[in-house]
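Engineer: Next up is a structure, given as structure tokens.
Only the coordinates and a few stated rules stand behind these numbers; no lab work does. All values reported here derive from a predicted model rather than from experimental measurement. Every residue, glycine as well, gets a Cβ built from its backbone with ideal geometry; the counts of neighbours run over all protein chains shown.
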Amino acid sequence: MKYSNKSIKNTGLPMMLLFALSFLTGMAERPPLVGGPAPEFQLDQLGGSPIKMSDYRGKVVLLNFWATWCGPCKKEMPEMQAAYDELKDQGFVILALNFGEKAKKAEKLVKEMGLTFPILLDRKVEVAERHRVVSLPVTFFVDPKGIIKEQVFGGSLTKDQIVEIFQKLR
């Protein structure tokens with residue numbers, strides 16, 4: 001059976017639109033994360049013991065989803081580290097969740113960049129799915145009561161923005 005480009009276009013575009021519509025409809029049925037409680041999770045820390053989200057109640061948490069292959073993720077890491085260095089003794093924590101990579105790959109980048117905040121391994125991207133992560137990087141700011149207050153996309157975070165959001169949430 002031979003297919004023409006026209007027949008592929010005639011069926012391909014409607015199928016893509018149908019997929020997009022069903023995806024968006026599914027997303028619309030789920031309540032927004034901002035303003036709601038941060039989903040609970042437990043993940044292994046790079047080179048350490050498991051960490052639970054609930055371990056950090058009472059602190060402002062920057063929850064960042066990233067990967068070693070993501071250029072914008074790597075761009076904002078030094079900004080996050082600078083903010084962490086300034087705020088870590090004031091009730092601020094960063095939990096950086098690696099998106100489905102092997103520990104060795106994440107560890108190499110962490111060492112190269114001199115990162116000291118906790119790096120968690122979301123090996124099966126289950127936590128990312130619960131946070132509806134569809135692109136990287138994405139960052140959530142969680143207040144001391146465990147409520148997601150802000151969501152930032154695209155790797156544009158600066159130290160000053162992080163400090164400003166922290167001050168607003170604490």
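Engineer: Please compute the contact order of the range 70-130 in relative form: average sequence separation of alpha-carbon pairs under 8 Å and at least six residues apart, divided by the residue count, as a percent. Walk me through the numbers on the way to the answer.
Structural biologist: On the way: 50 pairs, mean separation 23.0, N = 61.
That works out to 38 percent.
Engineer: Sticking with the crude label model, points 7 Å out along Cα→Cβ, report the distance from Gln42 to Arg130 in nm, one decimal please.
Structural biologist: 1.1
Engineer: Please work out how much length the chain gains when fully extended from Arg57 to Lys88, using 0.36 nm per residue of separation minus the C-alpha to C-alpha distance, in nm with one decimal. Provide the component values of the computation, followed by the final result.
Structural biologist: Working: separation 31, 0.36 × 31 = 11.16 nm, distance 1.45 nm.
9.7 nm is the gain from fully extending Arg57 to Lys88.
Engineer: Report, ordered by chain and residue number, the aspartates and glutamates lying within cross-link reach of Lys74, taken as a straight Cα distance under 20 Å and ignoring same-chain residues fewer than 8 apart.
Structural biologist: Qualifying aspartates and glutamates at Cα under 20 Å: Asp85, Glu86, Glu101, Glu107, Glu112, Asp122, Asp160.
Engineer: Determine the alpha carbon to alpha carbon distance for each of Lys124/Lys149; Lys52/Lys104; Lys52/Lys124; Lys59/Lys104; Lys104/Lys145 and list only those over 24 Å. Don't skip to the answer; put the middle values down first.
Structural biologist: Numbers: Lys124/Lys149 26 Å; Lys52/Lys104 22 Å; Lys52/Lys124 16 Å; Lys59/Lys104 29 Å; Lys104/Lys145 34 Å.
Result: Lys124/Lys149; Lys59/Lys104; Lys104/Lys145 exceed 24 Å.
Engineer: Another question about this same structure. When a footprinting reagent is the concern and you count Cβ atoms within 10 Å, what order do Asp89, Asp143, Asp44 take, fewest first? Before the final figure, lay out each step's value.
Structural biologist: Values: Asp89 7, Asp143 18, Asp44 15.
Neighbour counts put them in this order, fewest first: Asp89, Asp44, Asp143.
Engineer: Now for a separate question. Using modelled backbone amide H atoms (1.01 Å from N, in-plane), which distant-in-sequence or interchain residues come within less than 5 Å of Leu97's amide H?
Structural biologist: It is Asn64, Phe65, Trp66, Leu120, by chain and number.
Engineer: At q = 0.22 Å⁻¹, what log₁₀ I(q)/I(0) does the range 26-135 have when each alpha carbon counts as one equal point scatterer in the Debye sum?
Structural biologist: Debye curve over Cα of the range 26-135, log10 I(q)/I(0) at q = 0.22 Å⁻¹: -1.38.
Engineer: At 0.36 nm per residue, minus the direct Cα-Cα distance, what do Ile147 and Ala103 gain on full extension? Give it in nm, one decimal, please. Walk me through the numbers on the way to the answer.
Structural biologist: Numbers: separation 44, 0.36 × 44 = 15.84 nm, distance 2.90 nm.
Using 0.36 nm per residue and subtracting the Cα-Cα distance, I get 12.9 nm.
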